[in-house]
Amino acid sequence: MDDFEFVFALYSLLLGLSMVELLGGLGRAIETRFAAEAERETFAIGWLTPLLAIFVMLDLLSFWSAAWVARGDIAVSSTALLGVAAFASVYFLAARLVFPSHPEGFANLDVHYFRVRRVVLGLLLALLAAQLAYYASQPALAAALAHPVAWIMTIVLVALMVAAMWVKDRRWSIAILAALVARYVVIYLL
């Protein structure tokens, strides 16, 4: 087992748990929807929370693949393990907040989205800043930051995330989240 495999085991475990948290939240929401239907109660999942979940999952996958890019610069150390644990733990926290623990307490999950969006997106922005700082500190990785396309895509990402944090209109929020998801889908398909 080399250094990267050792450190990546911790990273992948925590990021995997983040994905499980997102899928578990979606499962709870769907289950609540079916239960509300059976009892003739009102409960709507809406668009905002699921779109946020998809975006967080795609963002998480991008960081997972970024770890692969950085694999040559990773050495086992207390600092590396602490950094990886902190980084992945912030992802878990963001993923945990996307869906409410008890969705039955909401008539519509869009209400929950507007309560947590700034925290979730703020955590993801902090992780992006940490990743960019790490890349800039590593000479082999800093070259990847020099490409104009990388900067343009990063600026678009940050602008859309900031907009999603502050826009209060439901329709505009859906459009912005759809654009965030589309940005990752386009990158993944290229």
Quiz item: Just Ser137, Ser18, Ser101 to compare: in a GNM of the chain, with alpha carbon springs under 10 Å, which one fluctuates most?
Solution: Ser137
Quiz prompt | Cα centroid separation, region 109-162 to region 59-90 (Å) | solution = 15 Å
Quiz item: In whole Å and largest first, what semi-axes does the C-alpha gyration tensor of the chain yield when each eigenvalue is scaled by 5 and square-rooted?
Solution: 33, 20, 12
Quiz item: Say we join alpha carbon atoms closer than 10 Å with springs in a Gaussian network model of the chain; which of Ala66, Ala107, Ala150 then has the biggest fluctuation?
Solution: Ala150
Practice problem: Over region 90-190, with every protein chain in place, what whole percent of the accessible area is carbon and sulfur at 1.4 Å, could you tell me? | Solution: 75 percent
Quiz item: Counting alpha carbon pairs within less than 8 Å and at least 6 residues apart, what relative contact order, in whole percent, applies to region 55-190?
Solution: 26 percent
Quiz item: Taking the Cα centre of the chain as origin and charging only Cβ (+1 Lys, Arg; -1 Asp, Glu), how large is the dipole, in debye to the nearest 20?
Solution: 580 debye
Quiz item: In Å², what does the accessible area per residue of the chain work out to with a 1.4 Å probe?
Solution: 53 Å²
Self-check item: Farthest positive-ward along the chain dipole, Cα basis, beta-carbon charges - from Gly16, Ala136, Ala175
Solution: Ala175
Quiz item: Counting other Cβ atoms within 10 Å, which chymotrypsin sites (Phe, Trp or Tyr not before Pro) in region 81-188 have at most 12 and lie in a DSSP loop?
Solution: none
Quiz prompt | Taking region 1-124 and dividing mean pair separation by its residue count, relative contact order in percent (alpha carbons under 8 Å, at least six apart) | solution = 44 percent
Self-check item: Cβ-placed point charges (K, R +1; D, E -1), dipole of region 102-190 about Cα centre in debye, nearest 20
Solution: 180 debye
Practice problem: Just flag the trypsin sites (Lys or Arg not before Pro) in region 10-109 sitting in loop per DSSP whose Cβ has no more than 13 other Cβ atoms within 10 Å. | Solution: Arg40
Quiz prompt | the chain: calculated mean residue ellipticity at 222 nm from DSSP helix runs of at least 4, using -39500 (n - 2.57) | solution = -28500 deg cm²/dmol
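The values are calculated or read from the model by the stated rules, or taken from the named source; none is laboratory data. No experiment lies behind these values; they were computed from the predicted model shown. Cβ atoms come from the backbone with ideal geometry, glycine included; neighbour counts cover every protein chain shown. SASA here: full protein model, heavy atoms, side chains in, ligands and nucleic acids out. Shrake-Rupley method; radii C 1.70, N 1.55, O 1.52, S 1.80 Å.
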